[in-house]
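Below: the structure, in structure tokens.
No lab work stands behind these numbers, since they all come straight from the coordinates. What you see is a predicted model; the values in this text were computed from it and never measured. Quick reminder, even Gly has a Cβ in these numbers, built from the backbone with ideal geometry, and neighbours come from all protein chains shown.
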Ligand code: GLU
């Protein structure tokens, strides 16, 4: 018999740690109240998959997570993964910003050990809760050797997603997570099955290490609409180092906003032309003359993850060409 993997399960709050008054409270409940030990107590059969150790790191909704929280989670996971008696980690997390934390870990952890970020759309107290099955599946994925070396994963609804691709695409349904190119695989009865692997660089192949990251630069997102005024853009520009412009369609910029975004570059703020659509490519020098304006383009990443990427990139360079290659590499 092969030895069971040692998996550390880290609690940070979210719906997976939530509690409602009644079973039909699938949307109205209090988040981040159950201790990670209590959540694990609902899946005793998980001990057949791995030897489990629990740690309560945070206890708050992921909508509250600042850059400092990301650093705290990353450094804590990294410390755990460095131990010889830890084979992988599961992070129980709110689903609201699960894609951002997971992508941050995907780009900064220096380990091939599996890291799975997991949440649930319904608290353990609700009818048809996905908390127990998602946590069980996440442990199964983290404990399995086929999950090594493929970066940080997000497990939900019996699917295994790459942290690079996944996004929360629904506010209340259990089927809330999607990756534009599909999940990497499924989990069935405690068995992960992979059908494809990430092709973009992650973990060991990136130039960032969570161990050396300290203060992160400020990057903000502006969501575009026709009535958006230049003053609103300028107000953000005045207090940031990078601006993700979530433009309409393929990263379009309204004619009356072009000057404000060009002025941002003049003030030393990096402007990334992105799309508010949630998927697809923003083609460089396509809808706008990006080279001439000194703007960056996002390639295919959604604005919330483009923020993570530019934040990390700005810790190492200010050079426009180098910054652009970051969007094409990760
Ligand atoms: N406040 C929650 C969060 O941590 C709500 C969403 C959830 O966990 O499903 O993101």
What FRET efficiency would be calculated for the residue pair residue 223, residue 283, taking the C-beta separation as r and a Förster radius of 22 Å, to the nearest 0.05? 0.60
What order do you get for 32-43, 126-137, 75-86 when each peptide is scored by the mean count of other beta carbon atoms within 10 Å, highest first? 126-137, 32-43, 75-86
So the angle from the long Cα axis of helix 131-143 to the longest Cα principal axis of the chain, reported in degrees to the nearest 10, equals 90 degrees
Percent of all alpha-carbon pairs of segment 114-247 at distances over 27 Å, whole number, is 39 percent
If one compares the long axis through the Cα atoms of helix 67-81 with the longest principal axis of the Cα atoms of the chain, the angle in degrees, nearest 10, works out at 40 degrees
Compactness of the chain, expressed as Rg and Dmax over alpha-carbon positions, Å: 20.1, 68
Mean projected area (nm²) of the alpha-carbon convex hull when segment 1-139 is viewed from all directions: 8.0 nm²
I need the peptides 98-109, 274-285, 149-160 ranked by packing, meaning the mean over residues of other C-beta atoms within 10 angstrom, with the highest value on top. 98-109, 149-160, 274-285
I need the Debye-formula profile for segment 200-307: one equal scatterer per C-alpha, no solvent, reported as log10 I(q)/I(0) at q = 0.13, 0.21, 0.24 1/Å, two decimals. -0.48, -1.11, -1.35
Please give the contour-minus-distance gain from residue 82 to residue 262: 0.36 nm per residue of separation, less the Cα-Cα distance, rounded to one decimal in nm. 60.3 nm
Segment 161-230: relative contact order from alpha carbon pairs under 8 Å, six or more residues apart, as a whole percent, is 19 percent
Mean separation of Cα pairs under 8 Å and 6+ residues apart, divided by the residue count of segment 1-85: what relative contact order is that in percent? 38 percent
Once Rh is set to the Kirkwood radius over Cα pairs, what Stokes-Einstein translational diffusion coefficient, in µm²/s, holds for segment 252-330 at a temperature of 25 °C and a viscosity of 0.890 mPa s? 193 µm²/s
Let me know the Kirkwood hydrodynamic radius for segment 13-80, please, with Cα pairs as the basis and the value in Å to one decimal. 13.7 Å
Spatial separation of Cα centroids for segment 240-259 and segment 40-87, in angstrom: 37 Å
Cβ crowding within 10 Å averaged over residues, with 178-184, 261-267 ranked highest first: 178-184, 261-267
Report the normalised scattering of segment 76-160 as log10 I(q)/I(0) at q = 0.10 Å⁻¹, calculated by the Debye formula with identical scatterers on the alpha carbons. -0.23
